[in-house]
1. Pick from the stretch 24-37 the residues that are among the aliphatic types (A, V, I, L, M) and in a helix (DSSP H, G or I): which of them is nearest to residue 64 (Cα to Cα)?
2. Given the residues 62, 52, 40, which is the only one that is surrounded by 12 or more Cβ atoms within 10 Å (Cβ to Cβ) and either of a type in the set (Asp, Glu) or assigned to a helix (DSSP H, G or I) (or both)?
3. Between 70, 5, which is of a type in the set (S, T, N, Q), modelled with pLDDT under 95 and surrounded by 10 or more Cβ atoms within 10 Å (Cβ to Cβ)?
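The values are calculated or read from the model by the stated rules, or taken from the named source; none is laboratory data. It should be emphasised that the depicted structure is a prediction, and the values quoted were computed from it without experimental measurement. Neighbour counts are summed over all protein chains in view; Cβ atoms, including those assigned to glycine, are modelled from backbone coordinates with ideal geometry.
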Amino acid sequence: MNQPQPNDPVMRQLMEISEVARMATLSTSRIRQLEVEGTLRPAIRTTRGVRLYERADVEQFLIDVASARQRRAVQRRVAVVTELEG
């Protein structure tokens, strides 16, 4: 069976783990961990074991990552203000 080529319409809708990691500024091991935890939908695996993620899933994941980072930043600011007031 032929492997899909990069210009194949199906391949344009799939992303390798390294691309997902780069876009999220996370390590590939962290991406794997988040997949196991259920934060990112499980990848499709090629016959060679390469993880391929659906573009729509990655887009939602990136939104979730940005939201989590924003919440952590707010929590840090609140902690600093609370410490200064206390």
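1. Looking at the filtered set, the residue picked out is 24.
2. Just a single option satisfies the conditions, and that option is 62.
3. 70
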